[in-house]
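Each reported figure results from applying straightforward, stated rules to the coordinates on display, with no laboratory input. Source: prediction; values computed, not measured. When we count neighbours, we look across all protein chains shown, and the Cβ atoms used for this are built from the backbone with ideal geometry, even at glycine.
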Amino acid sequence: MWTRSALAYRLSFVMMTFGNGALTALDFAAVAIIFGHTTRLGGFSLAQTAFLYGTSGMAIGLADLLLGSMDGLGQRVRDGTLDAMLVRPVPVFVQVAADRFALRRLGRVSQAALVLAWSLSRLDVAWTPGTVLLLPVMLVSGAAIFSAVFTLGAAFQFRFGDASEVQNSFTYGGNALTQYPPTVFAKELVRGATFVVPLAFVNWLPATLILGTPQPLGLPRWVDWVSPLVAAAVCAAAAVAWQAGLRSYRSTGS
């Protein structure tokens, strides 16, 4: 329904999609400005940083396309409109995810894909069957990790209705973090993004294998391959948190 609504006015849809991509492109413009004053950032070249930007942007873009509406759950909890979803013969999670589905968010995915394609054309990478396979696996795993963070944030809103910005700090904030080389951040922050909220598995760790850069924490090389396992574990935790949050929902009483 929301997709048909968006496509009812084709020119408006194209303009909004282009605007969405252009707005996110400002983030890469900031990266380009930095490299206008230096050739290396934390030991990474512009092409290598663009690779991080593109992989992170595509991962968050896909998750945002599918589950970006999750940050509106708090409003439904506060005004009691979630009750209507509970009586429909469709899982609440699916309804919340599909609520006000915005196809224009493809603009973010497309813009990140263009940056990624440009970076791949500039990188001197010794491709092997393993690293060729690792790239799409990294993108899918990264999207799953960000989707799990969206879900965890939504589950948090069952208890604290006005907490969408807390969720955004880990989703869009996590995207801003992983757009840049891990070497520009403090070790404590990198450890937190690896062992607490595992955003490092979106691109930082697998990218070191593709780009041939050192591990940010000196971990064994096999860690670069475990993004799918981390994504599965985080998604399982998010599913448990969602069910717990949904069971705790008590409506507004009105």
Candidate set from segment 80-102 (those that are in contact with a Gly (Cβ under 9 Å, 6 or more places away or on another chain) and of a type outside the set (G, A, S)); member that is surrounded by the most Cβ atoms within 10 Å (Cβ to Cβ): V96
Enumeration of residues in segment 194-208 that are in contact with a Gly (Cβ under 8 Å, 6 or more places away or on another chain) and surrounded by fewer than 24 Cβ atoms within 10 Å (Cβ to Cβ): V197
Please report, ordered by residue number, the helices (runs of 4 or more DSSP H) entirely within segment 1-76 with at least 2 residues that are surrounded by fewer than 17 Cβ atoms within 10 Å (Cβ to Cβ), at negative phi and within 21 Å of the chain's Cα centre (by Cα). 10-35
Residue count, segment 2-17, condition of a type in the set (V, I, T) and more than 10 Å from A102 (Cβ to Cβ), comes to 1
Pairs please, first residue from segment 198-211 and free of Cβ contacts under 8 Å to residues at least 60 places away in the same chain and under 22 Å from F170 (Cβ atoms), second anywhere and surrounded by fewer than 24 Cβ atoms within 10 Å (Cβ to Cβ) and polar (S, T, N, Q), Cβ atoms under 9 Å, 6+ apart in sequence or on different chains. A200/T194; L205/T194; L205/Q215
Per the filter on segment 184-193, residues touching a residue at least 24 places away in the same chain (Cβ under 8 Å) and under 18 Å from the mean Cα position of the chain (by Cα) are V190
